[in-house]
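**Student:** The structure that follows is given in the form of structure tokens.
The values are calculated or read from the model by the stated rules, or taken from the named source; none is laboratory data. Computed from a predicted model, the values in this text were never measured in an experiment. Here Cβ is always computed from backbone atoms with ideal geometry, including for glycine, and neighbour counts include all displayed protein chains.
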Number of protein chains: 2
Amino acid sequence: MRLIVPLQAVVQGRGGLVLGSLIPCALFYLLQLYLRRNRPSSSSSPPTSSASASDLVELATIPRSLSRGLLSPRGAGGPARLSSRGVAVARDDDNPYYVGLKRCPEDPYHPSSNPRGFLQLGLAENLLTLDLIRDWLVSNWKESLLLDEEEEFSIRGLATYQPYDGLMELKMAIAEFMGQIMQESVLFNPSQIVLTGGATPAVEILSFCLADPGNAFLVPSPYYPGWDRDIKWRTGIELIPVPCRSTNNFSISIASLERAYNQAKKRGVKVRAVLVSNPSNPVGNLIDRDKLYDLLEFVSEKNIHLISDEIFAGSIYGSDKFVSVAEIVDAESFDRSRVHIVYGLSKDLSVPGFRVGVIYSYNEIVLAAASKLARFSSISAPTQRLLVSMLSDRKFISEYLIINRDRLQNMHALFVDGLKQLGIKCASSSGGLYCWADMSKFIQSYSEKGELKLWEKLLNVAKINVTPGSSCHCIEHGWFRCCFTTLEEKDIPIVIERIRRITESNLVS
Amino acid sequence: MRLIVPLQAVVQGRGGLVLGSLIPCALFYLLQLYLRRNRPSSSSSPPTSSASASDLVELATIPRSLSRGLLSPRGAGGPARLSSRGVAVARDDDNPYYVGLKRCPEDPYHPSSNPRGFLQLGLAENLLTLDLIRDWLVSNWKESLLLDEEEEFSIRGLATYQPYDGLMELKMAIAEFMGQIMQESVLFNPSQIVLTGGATPAVEILSFCLADPGNAFLVPSPYYPGWDRDIKWRTGIELIPVPCRSTNNFSISIASLERAYNQAKKRGVKVRAVLVSNPSNPVGNLIDRDKLYDLLEFVSEKNIHLISDEIFAGSIYGSDKFVSVAEIVDAESFDRSRVHIVYGLSKDLSVPGFRVGVIYSYNEIVLAAASKLARFSSISAPTQRLLVSMLSDRKFISEYLIINRDRLQNMHALFVDGLKQLGIKCASSSGGLYCWADMSKFIQSYSEKGELKLWEKLLNVAKINVTPGSSCHCIEHGWFRCCFTTLEEKDIPIVIERIRRITESNLVS
């Protein structure tokens, strides 16, 4: 149909029927000629009409790492064909981000029992305040789960079917928690919340609602490596990295967004949204108020959506104040229906194992669709009841947030200082569970290859897993995301010493 | 490409270059002519080339029930466009199955406080043995959650990131539970299990792995109405109902499968799998051993997959013995890599609120892909720990299964007897939480319309929600699925009396 419409314009314009038919005739002639000339010489017979082009593509994408036997597509007794997307997901294994994540649990560091094991700095998980969660659970566990509002035992609220998109009680508790985190600068409305089993399905469900296969999102890079799986695997949406640069501390550039938008348009690709993380993952810097205005103006002008992933909003250690996009749209007259926030309890409350994600949207159709799509990713009711109880304990939450911030601040300072001693500078940051470290002077060739060589040495020799910038689509080489909240204070000197051995040897050689 | 490939065949066959170009030339001429003649007379100017055909399609599918204001697609300040799939999901509201499900909780029946409220017979939820689950939880709750194998408190196993596809301990416990349910006739291998947040995402994830957009599954009908959402909403897979008939108690017909397969082939649609439920939902009959052989032979011959949804395998009340497809492939030399089972704990263990689904596959690539796709639908760790403990209590589980079977048997007999008194016969059945009732003699016109009129009367006048056969793609009119496990014994006379009033008035008028 894409071909027909411009041709139609020719016909209905100056062309006329004859010209409108001769042009495709000529085009087909040239195409046939091209296909004839480029036919593979090895195949003696032409492909039969029953084997479509998509079949051939499918055959070419057989996973290398899996046994060939299972994959032969047809013929008597051969295994049945799988989907090309299924095969692609099965084989998608070589991103260093995931390779590193997998390696550590196989041989994890322990100060006494396995002092030579792997240290995990690749996972943005906050273990600093796990003791607080633990203590709360020990005291409140049973009561929080088994009693309903009337203090009666309620098995129906636990075991039976509940709304797929989350209990209203939990939506209310989470709306309040989000407000607390943002220091009451925003009032979140529980009816704008859809709950999902983690932020991963939250961002995927939102993407399904906003864009069709072949559409694209603009994503300032470096960006969180998980998005390539979260969004691209099943939705068919393209992510277009829009480079940010170290010269202005990886701040988002509207000019770059504009350029990327126009380039996509030229390719015939429809951009449906800008997707940002605030605080940035992996850099840790915040999007300031002015830039939020600029972003909102940009998406308004292009008439597209803005998705703001604010999952680290409560993990702020710097002096800058976090500003949610919700604060801006609440105060100003922007069309809110294009604004969507992703949140979750995995980072700020240190309970990733609970799998709680949040879609916060101002768009009633998105909310209607997302709450139905939550059937594919609901939170189990016992976990929801537990969290209602925990989040409603305002005293506990207030204390937790203060202590968490203190510990984050302390660990960040210690870790960044340690790196500094090795001559490694970090980007200026205020939030997140990581720092964004510039090790470019230790890579032997200024290229992705050079960066990955250093990453491999850190992983295999020093047994330190960090995330290379290339996994985050960073345009500059030699940057690494290092999560420090998976460590204890006493681990820092060990980490720094292990890195030192690699960087020193790299400088000498 | 679909157009090009057959044309190419012409060129490379007897046609030659000139003919291969003249044919599309002629086709385009006729198309232009057609478009000219059928141009809407109201539009004075032709569509600009910037508005593609897909845009126009998208505009035509705006949801009727949602405010129009939010949907106007572009123009200065207009709302940003949503995906066509998102809009379609938001508007997908008129299936009687879902309409009925929604109505009941708004005004639910209670014997004393709301005796005129709705009675829910539309939801396959087992409340008969909820007391057993409750009692177990009261006694074992705290211990089951907070202690790990060494009887030490383990917050790390609860709050931190866990494998997306489920804890190995839970896979082992569920494999054993599935074996117990099938009376040890099958040994399930935990490493062939991927756990998901409910059976709904299990069947969706499996579908993503087996078929690409535009491919199809053959589904003997009547089938579970949820599959139209579970499978069609996001995967782009077509479900082709293959009619079963009352003359042989809705048993699956291989001849009908063959016919449907050939018809799909003629349309150019690739069939990738046969999807069955065993025990059948909504009929409740079992697939016997011979028919399982026939099905396996059929899918082997066509070189496609077999998905067997066995979520009601442990909810058997009849004298027939349930046979899992796993039992057949374990014993025989069928190619197992094409066989996949869907299971879950929502029905047989009465814990739908826990959201636990199972993919059991013999295909290593499907397992590799599905375990990665489980990132979109993980079970929260506290729920997993709890279930490990509950399922490992073999004494409890054995007793539970016996009592559950007794209560199911009793309720089924009472309910079917009640319907019999009204002259309503049910299909012969052995499992499930429902019966499949023939009310065709009470519909005033033998059509879908007539069936839905009776359904509406039952819902709005009698305040009884049942599922009409048309929601299950039943080819015969007047059948209804009635779930009886949401009732208490003393509710049955009330339900029967309410139905009687409708059916009597329908016979008279």
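**Student:** Go through region A:376-398 and give me each residue that's at the interface with another protein chain (Cβ under 9 Å from one of its Cβ atoms) and either among the hydrophobic types (A, V, I, L, M, F, W, C) or surrounded by fewer than 24 Cβ atoms within 10 Å (Cβ to Cβ) (or both).
**Tutor:** A:Phe376, A:Ile379, A:Ala381, A:Leu386
**Student:** Out of everything in region B:334-364 that is small (Gly, Ala, Ser) and within 18 Å of B:Leu187 (Cα to Cα), what residue ends up being surrounded by the most Cβ atoms within 10 Å (Cβ to Cβ)?
**Tutor:** B:Gly344
**Student:** Those residues that are surrounded by fewer than 17 Cβ atoms within 10 Å (Cβ to Cβ) and farther than 18 Å from B:Glu125 by Cα, I need them from region B:476-493; list them, please.
**Tutor:** Scanning region B:476-493 gives a single hit, B:Pro493.
**Student:** Across region B:229-261, what is the total count of residues that are within 14 Å of another protein chain (Cβ to nearest Cβ) and farther than 26 Å from B:Ala199 by Cα? Give the steps one after another, and end with the answer.
**Tutor:** Of all residues in region B:229-261, those within 14 Å of another protein chain (Cβ to nearest Cβ) come to B:229-238, B:261.
Those left that are additionally farther than 26 Å from B:Ala199 by Cα: B:261.
Adding up the residues that qualify gives 1.
**Student:** Looking at region A:456-468, is at least one residue within 21 Å of A:Val351 (Cβ to Cβ) and basic (Lys, Arg)?
**Tutor:** Checked region A:456-468: no residue is within 21 Å of A:Val351 (Cβ to Cβ) and basic (Lys, Arg).
Condition check ((1) more than 10 Å from chain B (Cβ to nearest Cβ); (2) touching a residue at least 12 places away in the same chain (Cβ under 8 Å); (3) basic (Lys, Arg); (4) closer than 25 Å to A:Gly432 by Cα) across all residues:
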position	(1), (2), (3), (4)
A:Leu286	yes, yes, no, yes
A:Tyr293	yes, yes, no, yes
A:Lys302	no, yes, yes, no
A:Val325	yes, yes, no, yes
A:Ser346	no, yes, no, yes
A:Arg355	no, yes, yes, yes
A:Val366	no, yes, no, no
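**Student:** Here are some conditions: (1) crowded, with 20+ Cβ neighbours inside 10 Å; (2) out of contact with any Cys (no Cβ under 8 Å at 6 or more places or on another chain); (3) at the interface with chain A (Cβ under 10 Å from one of its Cβ atoms). B:Ser308 meets all but one. Which one does it not meet?
**Tutor:** So B:Ser308 meets the others, but not (3).
**Student:** Could you check A:Ala437 against (1) closer than 16 Å to A:Tyr97 by Cα; (2) in a helix (DSSP H, G or I) and say which number it fails?
**Tutor:** Of the numbered conditions (1) closer than 16 Å to A:Tyr97 by Cα; (2) in a helix (DSSP H, G or I), the odd one out for A:Ala437 is (2).
**Student:** If only one of A:Gly268, A:Gly284 is surrounded by fewer than 16 Cβ atoms within 10 Å (Cβ to Cβ) and on the phi > 0 side of the Ramachandran plot, which one is it?
**Tutor:** A:Gly268
**Student:** Can A:Arg272 be described as within 9 Å of chain B (Cβ to nearest Cβ) and at pLDDT 95 or above?
**Tutor:** yes
**Student:** Just need a number here: residues in region A:376-396 that are within 21 Å of the chain's Cα centre (by Cα) and under 17 Å from A:Met168 (Cβ atoms).
**Tutor:** Residues in region A:376-396 being within 21 Å of the chain's Cα centre (by Cα) and under 17 Å from A:Met168 (Cβ atoms): 2 in total.
**Student:** Condition (residue is in contact with a His (Cβ under 7 Å, 6 or more places away or on another chain), more than 12 Å from chain A (Cβ to nearest Cβ) and among the polar types (S, T, N, Q)) applied to region B:189-201: is it met by at least one residue?
**Tutor:** No, region B:189-201 contains no residue that is in contact with a His (Cβ under 7 Å, 6 or more places away or on another chain), more than 12 Å from chain A (Cβ to nearest Cβ) and among the polar types (S, T, N, Q).
**Student:** Could you check region B:368-384 and list, in sequence order, the residues that are touching a residue at least 24 places away in the same chain (Cβ under 8 Å) and hydroxyl-bearing (Ser, Thr, Tyr)? Step through it out loud before you land on a result.
**Tutor:** Within region B:368-384, the first condition is being touching a residue at least 24 places away in the same chain (Cβ under 8 Å), and the residues that meet it are B:369-379, B:381-384.
Correct list: B:Ser371, B:Ser377, B:Ser378, B:Thr383.
**Student:** Please find, within region A:225-265, the residue that is surrounded by the most Cβ atoms within 10 Å (Cβ to Cβ) out of those that are under 17 Å from A:Cys472 (Cβ atoms), out of contact with any strand residue (DSSP E or B) (no Cβ under 8 Å at 6 or more places or on another chain) and not polar (S, T, N, Q).
**Tutor:** By that ranking, first place goes to A:Asp230.
**Student:** Looking at region B:86-101, which of its residues are of a type in the set (Gly, Ala, Ser) and in contact (Cβ under 8 Å) with a residue 12 or more places away in the chain? First the steps, then the outcome.
**Tutor:** Quick first cut of region B:86-101, residues of a type in the set (Gly, Ala, Ser) only: B:86, B:88, B:90, B:100.
Once the filter is applied, which keeps residues that are of a type in the set (Gly, Ala, Ser) and in contact (Cβ under 8 Å) with a residue 12 or more places away in the chain, region B:86-101 yields B:Ala88, B:Ala90, B:Gly100.
**Student:** Moving to a separate point now. How about region A:270-299: which of its residues are under 16 Å from the mean Cα position of the chain (by Cα) and not in a loop (DSSP other than H, G, I, E, B)?
**Tutor:** Correct list: A:Ala273, A:Val274, A:Leu275, A:Val276, A:Ser277.
**Student:** Can you tell me how many residues in region B:440-474 are touching a Pro at 6+ places or on another chain (Cβ under 7 Å) and not in a loop (DSSP other than H, G, I, E, B)?
**Tutor:** 8
**Student:** Going residue by residue through region B:80-93, is there one that turns out to be over 30 Å from A:Ser333 (Cβ atoms) and modelled with pLDDT under 95?
**Tutor:** For region B:80-93, residues over 30 Å from A:Ser333 (Cβ atoms) and modelled with pLDDT under 95: present.
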